[in-house]
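Novice: My questions all concern the structure below.
The values are calculated or read from the model by the stated rules, or taken from the named source; none is laboratory data. Remember, predicted model here, so these are calculated numbers, not experimental data. Counting neighbours? That spans all protein chains shown, and the Cβs are built from the backbone with ideal geometry, glycine included. For the accessible areas, the whole protein counts, side chains as well, though only heavy atoms, and no ligand, DNA or RNA atoms are used. Shrake-Rupley method; radii C 1.70, N 1.55, O 1.52, S 1.80 Å.
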Amino acid sequence: MDENDNPAENLAPPLPPVPPAPPEGSSLQQKMIASTLGLIGIPVSASIIITTLLLLYASHGDAVINKYVYMGFILLILAIIAFSARMDYLFYERTKSRIIIPLQQLSLAAHAIQYGNFNVVVDHHSDDELGEVCNTFRTMQSYLKNSIAERAHLLTSRKILFSGITHDLRTPLTTIMGYTEALQLGLGKTPEKRKQYLASIASCADDLSKLINELSLYNKLSTSRIICHPVPTNFSRAIHSFINEDLEYLKSRNVNVSYNTDDSIIAMLDEKEFQRVVFNLLANTIKYRDKDTSEVLIQIYRKGKYAEFTYQDDGPGVPPEKTAHIFEAFYRTYEARSKTSNGSGLGLAIVAEIVTAHKGRYRAVNENGLKMIFDIPLKEGSNTN
């Protein structure tokens, strides 16, 4: 994969513009205005008719209407008209803020979702049916936004994964084919040369075998989830036992391990699977260190209902913006570390799956090197100091 090729940019097109809002004279708004005008027009029309009849009666009838009574009647009609108009205006404004505007927001947000934009806000909040509809819409909008983001991330991860597999398979295969062809052509004329070629072929074949095994394991973990059988285990003793099994190898690779552990902690542990966690962590320390020796500190202590297991080395660490991604499959913090012999990018992904299978938690921080923290559930009833 080219270094300038950013999968996230390729899979995430620019956010489309928000479609224009519906015009002010929408059909619902027109109906609401017509209804309001009708409510205003009825008392106004009635008042005009009554006034006209009164005038006709006053001009043709036998009785003489007192002018004060007539003026009072006119003022009463005008007051009725003003009060009716005011009430209708308030009714329209209340209806507009509670119904028309929220519906316009819902329509605008729905159109935006159609174009892939999930950022249009529906800010209507109430306890009535329309408020419930808006709450449901916001929940759906958030779910769709997260689903699309997760899908884009999945596609990006898949592209990186396939690119990593292709690269990691091609590199040792090319070496094997090159040295095999050299042997076939008789270029290894001395026993030393032939031994060197065969050693390189064997090393690359071993890298391929490890990659295939890790791919098989990761596929098993990610598709069906590993089934762990945690039992109450003395956490500290188990870790010491794991390290002691590889002590000679660690000494040969100049790795010194020190401990700061609470030897009384009983955690729910599947020793066979968790041994793989420790092995992968040690392997990463050796692969990615920037000096000849490595110092590793392992700590175990209680934290609420969990036993907190921390693994820290004195390596170069990881850029802060990338610590959240190091447990992803085929994720490499530095593209230069792209050889199969420098890691397949599956080690920490396998670690994350095993810890999750233990119903545990994991995270990483930079602290004079890379520090990884794993929370493993304690044996029930042992979460007190």
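Novice: Considering each of 234, 256 in turn, give the residue that is open to solvent by less than 50 Å² (accessible area, probe 1.4 Å) and polar (S, T, N, Q). Steps first, answer last, please.
Specialist: On the way: 256 fails: open to solvent by less than 50 Å² (accessible area, probe 1.4 Å).
The match here is 234.
Novice: Please indicate, with yes or no, whether at least one residue in the range 171-180 is surrounded by 13 or more Cβ atoms within 10 Å (Cβ to Cβ), among the hydrophobic types (A, V, I, L, M, F, W, C) and closer than 22 Å to residue 289 by Cα.
Specialist: Checked against the condition, which is being surrounded by 13 or more Cβ atoms within 10 Å (Cβ to Cβ), among the hydrophobic types (A, V, I, L, M, F, W, C) and closer than 22 Å to residue 289 by Cα, the range 171-180 yields no hits at all.
Novice: If I ask for residues that are of a type in the set (Asp, Glu) and either under 25 Å from residue 315 (Cβ atoms) or at pLDDT below 90 (or both), which ones from the range 264-283 would you list?
Specialist: If the condition is that a residue be of a type in the set (Asp, Glu) and either under 25 Å from residue 315 (Cβ atoms) or at pLDDT below 90 (or both), then 273 is the only one that fits.
Novice: I'd like the residue in the range 355-371 that is basic (Lys, Arg) and under 20 Å from the mean Cα position of the chain (by Cα) and, out of all such residues, is nearest to residue 313 (Cα to Cα).
Specialist: The residue in question is 363.
Novice: Enumerate the pairs (first residue in the range 171-191 and closer than 12 Å to residue 201 by Cβ and part of a helix (DSSP H, G or I); second residue anywhere and modelled with pLDDT of 85 or more and open to solvent by 100 Å² or more (accessible area, probe 1.4 Å)) with beta-carbon separation below 6 Å, excluding pairs fewer than 6 apart on the same chain, so at least 6 apart or on different chains.
Specialist: none
Novice: Quick one: is residue 150 at pLDDT 75 or above, loosely packed, with under 11 Cβ neighbours inside 10 Å and either of a type in the set (Phe, Trp, Tyr) or under 24 Å from residue 354 (Cα atoms) (or both)?
Specialist: For residue 150, the condition - at pLDDT 75 or above, loosely packed, with under 11 Cβ neighbours inside 10 Å and either of a type in the set (Phe, Trp, Tyr) or under 24 Å from residue 354 (Cα atoms) (or both) - is met.
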